[in-house]
Every structure is written in structure tokens, then in C-alpha cells.
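The values are calculated or read from the model by the stated rules, or taken from the named source; none is laboratory data. Everything quoted here is computed from the prediction, not taken from an experiment. Every residue, glycine as well, gets a Cβ built from its backbone with ideal geometry; the counts of neighbours run over all protein chains shown. Note: areas computed on protein heavy atoms with side chains; ligands, DNA, RNA excluded. Shrake-Rupley method; radii C 1.70, N 1.55, O 1.52, S 1.80 Å.
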Amino acid sequence: METKRLDASLVKLMCVLLSLLSSFMVLSFASPDANFNDYRRNLLANGLGITPPMGWNSWNHFSCNINENVIKQTADALVSTGLSKLGYTYVNIDDCWAEIYRNDKGELLPKNSTFPSGIKALADYVHRKGLKLGIYSDAGYFTCSKTMPGSLGHEEEDAKTFASWGIDYLKYDNCNNDGTKPTLRGDLHPALWGFKVGNSWRTTNDIADTWDSMMSRADMNEIFAELARPGGWNDPDMLEVGNGGMTKNEYIVHFSIWAISKAPLLLGCDVRNMTKDTKEIVANKEVIAVNQDSLGVQAKKVRSEGDQEIWAGPLSNYRVALLLVNRGPIRYSITANWDDIGIPEKSVVEARDLWEHMTLKTKFVGNLTATVESHGCKMYVLKPIA
């Protein structure tokens with residue numbers, strides 16, 4: 001393609017909240033020249049993703065069993081449940097939405113049996129709800145499901161197509177590629193170069209709806225904490241909260257770690273049929289506020305002793321987010337010391353319990369101790385007051 005004719009809006013589209021799989025690669029624009037390289041160096045100037053994106057993605061619950069009615073009903077549900085007002089504004093279609101063949105112009109075609117009205121009409125529907133529509137593509141010959149074409153060799157056509165449909169968010173995968181070595185398109189791990197081309201990047205393999213899978217993704221994601229920043233976020237994969245594979249306490253841990261890690265909060269359940277417990281977890285305004293804090297610093301695991309973990313990170317206005325996690329089979333008493341979490345040792349601190357929605361009467365000096373149930377957590381915002 002002739003990059004001199006690559007409109008800035010197309011470049012912007014291709015970097016709109018790119019979510020790149022771990023060890024998979026960036027956009028494969030053909031024949032890059034100096035002008036395009038200038039674009040690549042400045043893609044994060046798109047002004048998007050200043051806080052982690054929030055919304056919903058179809059894959060975790062529906063896999064390939066998607067259609068335009070599911071997408072419309074999901075958009076309706078995000079509004080009717082009040083989740084959209086909390087920030088869940090992206091409605092993202094994952095793999096399997098297109099025909100296996102392109103048209104005679106080389107353009108992607110929405111699958112007629114499942115998206116008969118077309119993606120443009122669907123985007124218009126979602127936009128009328130005050131929401132945004134996301135879509136999925138791949139830098140290989142086929143997507144991961146092998147049910148639709150990838151964008152390899154068709155980057156410009158697909159960018160123009162997505163722009164014409166009014167797409168707001170692109171998840172870009174790299175299954176079934178041409179074998180190009182990752183280091184020819186960037187360093188091996190997307191977290192090391194993703195900020196140049198996207199607003200988020202995958203740091204892990206796909207998540208499963210189990211405690212072990214979820215916690216292992218949290219561990220892998222935490223390694224790259226220092227690389228997260230406003231406009232570019234580490235993504236340990238979509239949320240499994242509400243899909244039924246974990247207990248309520250385990251889902252609370254899941255949501256808490258994703259929030260304090262500044263991960264994208266992309267719901268992966270069927271939001272049309274959420275239980276009261278699921279709604280209570282994903283609609284916790286105080287936990288969401290930690291995720292969306294303007295300082296934009298990802299928390300780290302500051303201490304780990306056996307099954308006891310202490311996660312902490314700074315927030316705006318000199319506050320600190322604190323998460324005590326019990327990975328073990330029995331309850332533990334866990335103590336967080338000020339010198340581990342970045343608070344001056346003699347500070348008097350007020351603690352807000354984000355799951356109990358209460359400010360503790362006790363004022364803490366030097367440390368905070370709490371009893372945490374098996375596969376449970378305690379989450380606080382700490383505010384030095386003296």
C-alpha cells in the first residue's frame with residue numbers, strides 16, 4: 001500500500017485500543033516508509049485510553065456463538081442495568097463475525113446468517129445508546145477461529161472498512177500469520193512495544209474461568225506493572241466474573257486485582273442475565289474508581305509470604321490502594337506495613353474498606369492488619385491524615 005496516502009484517521013483507527021495477544025505481533029503495514037514511521041512514533045497521541053477501557057467482550061461467554069441480536073441485547077442491558085453510567089461503554093464483537101471469503105473488492109463481509117443487517121447498522125444502534133462498538137481482526141491469513149479472514153495483506157482495506165462502519169475499538173490478534181519473526185515487527189513481548197501502536201496490549205495467554213487460571217494471569221501481568229501508563233495499559237485478558245466457574249469470593253478477588261492493576265475492565269459474562277452477586281461485584285463504584293484513578297499507576301505485589309499477598313499502588317491526592325489476598329485453603333491474618341506500600345512510617349492513616357463500603361473507625365499507624373478468608377481479599381483506600 002502507499003503509505004503517503006494513509007489518512008491519519010486510518011492510522012488512528014488501527015491503534016484505537018489495540019489489544020494484542022501475548023507473544024503476538026503488531027500491525028503488519030506493508031512497505032513502511034519514513035512518513036509512516038513518523039505516524040507510528042506518535043500513535044498514542046490519539047487521546048484515547050487515558051484510563052483503562054471499560055465495557056464488554058463477547059468471547060468468554062459466547063465464543064463463536066454470536067449474532068447481531070446478542071450484541072444489541074447486550075447494549076440494551078448495559079444501559080438498563082446502569083452499567084454504562086459506571087463506565088462500561090464498549091460493546092466489543094470478538095472472533096467469528098465475518099464470512100470466510102472477501103468480496104470482489106477484497107473487503108470483509110459480515111456473516112449473513114448472523115449479522116444480516118451489517119456492522120454499520122449495528123454500530124449505529126450501539127451509538128444511539130450512547131455506547132461504542134468494538135470489533136476483532138487478526139494480523140494473519142485467518143483469525144484464531146479460522147472461520148474468517150485475517151487482515152494480513154489487507155490492512156488498508158480493513159482499516160477503511162472499519163472506519164466506514166464507525167468502529168470505535170479494535171482488538172487485533174495474530175494467529176495464522178506468515179511466520180515473520182516477532183523481532184522484525186517489535187520486541188518479543190507486546191508489553192515492551194505495545195505503547196507505540198495501541199492503548200492496551202495482552203500480557204498473558206487466554207484466561208479460563210478458574211481460580212488457578214485467573215491468579216496465574218494476575219501474576220504474569222504484574223511483572224509488567226511499570227510499563228502501564230495513561231494511554232497504554234497491560235491487559236491480563238477479559239473478566240470472567242459471572243460465568244460460573246468461581247465462587248463469589250474468588251470473583252471479588254478477580255475483580256479487585258484487575259481494578260488495582262489498572263487492567264481494562266471488559267466484562268465477559270452474559271450481562272443480559274446477571275445474578276445479583278455478579279452485578280454487585282462489577283458495579284462496585286469504589287473499586288472501579290481505583291481502576292479509573294487519574295494517576296494511572298499499576299499496583300504491584302509488594303510482599304508475598306506463602307499464600308499471603310499484599311498488592312499496593314499509589315492513587316491521586318496522596319492516597320494508596322491496598323489489596324490483601326489469601327491464596328490459601330484457610331483464613332489468614334495479613335499485615336501490610338507502611339514501609340512496604342510507600343507510606344511514611346509514622347503516618348496516621350484512615351482506611352476505607354471498598355467491599356464493605358465503610359471507613360474504619362480505627363486510625364492506623366505503621367501498619368494495617370486484617371483477617372482474610374480462603375481465596376478472599378480485603379481492599380482499602382488508605383489516606384494519610386497526620
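Is it fair to say THR371 is open to solvent by 40 Å² or more (accessible area, probe 1.4 Å), free of Cβ contacts under 8 Å to residues at least 12 places away in the same chain and more than 22 Å from MET214 (Cβ to Cβ)? Considered against the rule, which asks whether it is open to solvent by 40 Å² or more (accessible area, probe 1.4 Å), free of Cβ contacts under 8 Å to residues at least 12 places away in the same chain and more than 22 Å from MET214 (Cβ to Cβ), THR371 comes out as no.
I need the full set of residues from the stretch 343-364 which are part of a strand (DSSP E or B) and in contact (Cβ under 8 Å) with a residue 24 or more places away in the chain, in order please. If the condition is that a residue be part of a strand (DSSP E or B) and in contact (Cβ under 8 Å) with a residue 24 or more places away in the chain, then VAL348, VAL349, GLU350, ALA351, ARG352, ASP353 are the ones that fit. Just to be sure, is TRP338 open to solvent by less than 40 Å² (accessible area, probe 1.4 Å) and in contact (Cβ under 8 Å) with a residue 24 or more places away in the chain? It is true that TRP338 is open to solvent by less than 40 Å² (accessible area, probe 1.4 Å) and in contact (Cβ under 8 Å) with a residue 24 or more places away in the chain.
Just to be sure, is SER145 under 27 Å from CYS269 (Cβ atoms), small (Gly, Ala, Ser) and touching a residue at least 60 places away in the same chain (Cβ under 8 Å)? Judged against the criteria, SER145 is a match. One residue stands out in the stretch 193-212 among those that are in contact (Cβ under 8 Å) with a residue 12 or more places away in the chain and not in a loop (DSSP other than H, G, I, E, B): the one that is farthest from TRP311 (Cα to Cα), namely LYS196. Selection of first residues in the stretch 167-180 that are closer than 20 Å to ASN199 by Cα and of second residues that are of a type in the set (Phe, Trp, Tyr) and assigned to a loop (DSSP other than H, G, I, E, B), restricted to Cβ pairs under 7 Å at least 6 apart or on distinct chains, gives the following pairs, ordered by first then second residue: ASP173/PHE24; ASN174/PHE24. For the stretch 348-366, a tally of residues being on the phi > 0 side of the Ramachandran plot and open to solvent by 30 Å² or more (accessible area, probe 1.4 Å) returns 1. The combined condition, being open to solvent by 20 Å² or more (accessible area, probe 1.4 Å) and either at pLDDT 95 or above or farther than 24 Å from ASP307 by Cβ (or both), is not fulfilled by MET379. Flag not set for ALA191, criterion: aliphatic (A, V, I, L, M) and modelled with pLDDT of 95 or more.
Given the condition surrounded by 14 or more Cβ atoms within 10 Å (Cβ to Cβ), outside any helix (DSSP H, G or I) and aliphatic (A, V, I, L, M), answer yes or no: does some residue in the stretch 54-66 qualify? Among the residues of the stretch 54-66, at least one is surrounded by 14 or more Cβ atoms within 10 Å (Cβ to Cβ), outside any helix (DSSP H, G or I) and aliphatic (A, V, I, L, M), which makes the answer yes. In the stretch 172-181 there is no residue matching the filter, namely being open to solvent by 40 Å² or more (accessible area, probe 1.4 Å), in contact with a Lys or Arg (Cβ under 9 Å, 6 or more places away or on another chain) and at pLDDT 95 or above. Please go through the stretch 191-228 and give me each residue that is surrounded by fewer than 18 Cβ atoms within 10 Å (Cβ to Cβ) and acidic (Asp, Glu), ordered by number. Within the stretch 191-228, ASP206, ASP212, ASP219, GLU226 meet the criteria. Among residues of the stretch 73-96 that are under 28 Å from PHE142 (Cβ atoms) and of a type in the set (Phe, Trp, Tyr), those with a Cβ under 8 angstrom from a residue that is modelled with pLDDT under 95 and open to solvent by less than 10 Å² (accessible area, probe 1.4 Å), sequence gap 6+ or separate chain, pair up as TYR90/LEU17. Being at pLDDT 95 or above, in contact with a Gly (Cβ under 9 Å, 6 or more places away or on another chain) and either farther than 22 Å from GLY198 by Cα or open to solvent by less than 40 Å² (accessible area, probe 1.4 Å) (or both) holds for only one residue in THR81, THR89, and it is THR89. The helices (runs of 4 or more DSSP H) found wholly in the stretch 229-328 and carrying at least 1 residues that are over 20 Å from the mean Cα position of the chain (by Cα) and surrounded by fewer than 17 Cβ atoms within 10 Å (Cβ to Cβ) occupy 248-260, 276-282.
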